[in-house]
Amino acid sequence: MSVRRLAANQPESFAFTPATLKEVKVWMAKYPAGRQQSAVIPVLWLVQKQEGWVSEPALRVVAETLGMPVIRVYEVATFYTMFMLEPVGTQALVQVCGTTPCQLRGAEDLISVCQRKFGNRDHLSQDGKFYWQEVECMGACSNAPMAAINDYYYEDLTAESFEAIIDDFAAGKTPEPGSYIKRQGSAPEGGPLVLIDPSLYDGSRAKPIKALPNAEPKARKTKAPVP
């Protein structure tokens, strides 16, 4: 695993917005008294949703809020790659899957688009709008190649469709997530090949249940107690 460190440049302070603080209290209430530190992961996620990333002052506020040592919050934030430790783009955080299924289906083309448009990975673009990473498997192998942009998956991409999506984000639009070849879920390209008969699902094949004849229940046999 790569070493993950906090960004060199940090804000002077951090504070929860009223809306975020309300959600923090909801998560804290899910745990018994004295166990509020169990909410550290969802609370850090709320910090990231508010700010776009997790700063060092935010770690201290989370530690104080949950009554736990700052080093414990630091350990969680640096261990899980879901937490961004430096500022990300104002428009989009782009995470391109580079694991084998996506690589075999064209992930290198998507990575080339990011390199050409944004420069080196793990850095802000010059205009501050984008931040891109190459990441490990995100569990959408049937729809390779794919990328996660902000909170959603964009699947079955080509270099052309991926670049169009990025251009839409740059223009302030929110492109529709999902498959870009109109794939239904994880079905084969062109649609499902099996279990496609509507009668399998409309109830027409269901047989009526016959009523059971009335019968006296048989007495249960019991073994004699062992002397």
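Bear in mind that the values in this text are calculations on the coordinates, not laboratory data. Remember, it's a predicted structure, so these values are computed and weren't measured experimentally. Neighbour counts are summed over all protein chains in view; Cβ atoms, including those assigned to glycine, are modelled from backbone coordinates with ideal geometry.
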Of the candidates THR99, HIS123, PRO175, the farthest towards the positive dipole end of segment 74-194 (Lys/Arg Cβ +1, Asp/Glu Cβ -1, centred on the Cα centre) is PRO175
Proxy exposure order for LEU21, LEU44, LEU59 (fewest C-beta within 10 Å first) is LEU21, LEU44, LEU59
What one gets for the chain as the Kirkwood radius, inverse of mean 1/r over different Cα pairs in Å, is 21.6
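Per the helix-only calculation at 222 nm, which mean residue ellipticity applies to the chain, given -39500 (n - 2.57) for every DSSP H run of n ≥ 4 and division by its residues, nearest 500 deg cm²/dmol? Can you show the working numbers first?
Numbers: 7 runs with 73 residues, N = 227.
It comes out at -9500 deg cm²/dmol, rounded to the nearest 500.
Assigning unit charges at the beta carbon (Lys, Arg +1; Asp, Glu -1) and nothing else, what dipole magnitude in debye, to the nearest 20, does segment 18-79 show about its Cα centre? Let's see the in-between values first.
Working: 7 positive and 5 negative charges, 51 e Å.
Result for segment 18-79 is approximately 240 debye, rounded to the nearest 20.
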Percent relative contact order for the chain, counting Cα pairs under 8 Å at least six residues apart, stands at 13
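Can you tell me the length gained on complete extension of the stretch GLU56 to ILE181, counting 0.36 nm per residue apart and subtracting the Cα distance? It would help to have the intermediate numbers written out before the result.
Working: separation 125, 0.36 × 125 = 45.00 nm, distance 4.18 nm.
Difference between extended and current length: 40.8 nm.
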To the nearest 20 debye, the chain has a Cα-centred charge dipole, built from +1 on Lys and Arg Cβ and -1 on Asp and Glu Cβ, of 1740
Proxy exposure order for LEU46, LEU124, LEU157 (fewest C-beta within 10 Å first) is LEU124, LEU46, LEU157
Taking MET68, MET82, MET146 and counting other beta carbon atoms within 10 angstrom, the fewest-first order is MET82, MET68, MET146
Expressed in nanometres to one decimal, the distance between label points 7 Å along Cα→Cβ at ALA171 and SER112 is 2.4
Yeah, segment 57-146 with a ≥ b ≥ c from its alpha-carbon gyration tensor (a/c under 1.5 is rounded, else prolate when a/b outruns b/c, oblate otherwise) is oblate
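Quick one: length gained pulling THR17 to ARG35 fully straight, 0.36 nm per residue minus the C-alpha distance? The partial results should precede the final answer.
On the way: separation 18, 0.36 × 18 = 6.48 nm, distance 2.34 nm.
Net length gain for the segment: 4.1 nm.
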Simple SL model, points at 7 angstrom along Cα→Cβ for VAL26 and ASP151; separation in nm is 1.2
Here the cysteines of the chain without any disulfide-compatible Cβ partner under 4.7 Å are CYS114, CYS137, CYS141
Dividing the mean separation of Cα pairs under 8 Å (6+ apart) by the residue count of segment 103-144 yields a relative contact order in percent of 31
Label model pair GLN126, THR100: point-to-point distance (7 angstrom along the Cα→beta-carbon line) in nm is 3.9
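What FRET efficiency comes out for ARG4 versus ILE196 if R0 is 41 angstrom and r is the Cβ-Cβ distance? Round to the nearest 0.05. Don't skip to the answer; put the middle values down first.
Numbers: r = 47 Å, r/R0 = 1.14.
That gives a FRET efficiency of 0.30.
Taking a ≥ b ≥ c as the square roots of the eigenvalues of the Cα gyration tensor of segment 19-98, is the shape rounded (a/c under 1.5), prolate (a/b larger than b/c) or oblate? Mind dumping the intermediate values first?
Numbers: a/c = 2.02, a/b = 1.70, b/c = 1.19.
In terms of gyration-tensor shape, prolate.
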